[in-house]
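> Please read through the structure below; I'll follow up with questions.
The values are calculated or read from the model by the stated rules, or taken from the named source; none is laboratory data. If you're wondering where the values come from, they're calculated on a predicted model, not measured in any experiment. Please note: Cβ atoms are built from the backbone with ideal geometry, for glycine as well, and neighbour counts cover all protein chains shown. All accessible areas refer to the heavy atoms of the entire protein, side chains included, with ligands and DNA or RNA removed. Shrake-Rupley method; radii C 1.70, N 1.55, O 1.52, S 1.80 Å.
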Amino acid sequence: MALVPYDDTAAWGMQKLHKSSSTYCFANHTIEIQQNWKQLGVAAVVWDAAVVLCTFLEMGGIDLQGRLVIELGAGTGLLGIVAALLGAQVTITDRKAALALLESNVQANLPADIRPRTAVKELTWGRDLGSFSSGGYDFILGADIVYLEETFADLLETLDHLCSEQTVILLSCRLRYERDHKFLKMLEERFSVYEVHYDPGNDVHIFRAQRKAQKADL
């Protein structure tokens with residue numbers, strides 16, 4: 001799931017978490033996302049990192065037309081929906097508990113001609129990876145999925161499985177704690193990592209990563 005902390009002392013957090021829906025405009029479409037914090041917690045709320053990455057995809061000159069994209073920890077599905085509206089063929093994933101709400105948002109917000117280019121699938125990081133193409137994706141997207149340290153190894157294993165040397169990973173997040181920086185260091189052991197955007201208003205960073213080229217055997 002989209003694993004992020006909840007600060008119940010923050011007024012903005014209370015307002016976001018308890019709204020039953022949120023509305024956005026991307027790719028010339030109005031997108032209404034249903035939320036359900038009470039039942040699903042963090043997986044059922046649109047977080048700022050997702051909105052920032054959606055804006056980056058729409059405005060940042062990245063061409064998703066016809067590209068194979070997978071979203072990890074999709075939560076409500078906003079990011080995957082926007083990627084599909086921008087022309088990608090998208091696999092939108094999360095844990096089993098989140099899939100019903102995720103599927104509902106996808107069906108409600110994508111025109112009938114775009115829906116066949118999307119698939120909602122269960123994915124728990126590090127498990128049953130054989131169900132997903134190894135190295136078969138052009139882009140891997142993740143918004144606010146770096147939080148629980150005990151998931152880091154499984155997330156890295158999942159990224160390693162899904163990536164080829166040409167695959168581009170785009171991760172958006174806030175760097176809240178030391179463990180967030182620890183994950184970036186772990187990521188840099190296997191991937192070349194660059195910060196490509198920072199949104200100061202939301203304190204959200206976007207990192208681009210690609211697998212390091214393997215040295216040829218002597």
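> I need a count of the residues in the range 7-51 that are part of a helix (DSSP H, G or I) and at pLDDT 85 or above.
The number of residues fulfilling the criteria is 4.
> Looking at the structure I just gave you, is R176 basic (K, R), over 16 Å from the mean Cα position of the chain (by Cα) and open to solvent by 40 Å² or more (accessible area, probe 1.4 Å)?
Judged against the criteria, R176 is a match.
> Scan the range 97-112 for residues that are crowded, with 16+ Cβ neighbours inside 10 Å and part of a loop (DSSP other than H, G, I, E, B) and jot them down.
L110
> Further question on the same structure: Kindly establish whether S134 is part of a loop (DSSP other than H, G, I, E, B), over 19 Å from H205 (Cα atoms) and open to solvent by 40 Å² or more (accessible area, probe 1.4 Å).
yes
Residues checked against (1) small (G, A, S); (2) surrounded by 17 or more Cβ atoms within 10 Å (Cβ to Cβ); (3) outside any helix (DSSP H, G or I); (4) modelled with pLDDT of 95 or more:
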| site | (1), (2), (3), (4) |
| --- | --- |
| G142 | yes, yes, yes, yes |
| E150 | no, no, no, no |
| L156 | no, yes, no, yes |
| S172 | yes, yes, yes, yes |
| H181 | no, no, no, no |
| S192 | yes, no, yes, yes |
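> Among the numbered criteria (1) closer than 20 Å to Q107 by Cβ; (2) part of a helix (DSSP H, G or I), which one does V90 miss?
Evaluating V90 over (1) closer than 20 Å to Q107 by Cβ; (2) part of a helix (DSSP H, G or I) leaves (2) as the failure.
> Shifting gears a bit: Any residue that is in a strand (DSSP E or B) and either open to solvent by 80 Å² or more (accessible area, probe 1.4 Å) or hydrophobic (A, V, I, L, M, F, W, C) (or both) - is there at least one of those in the range 209-217?
yes
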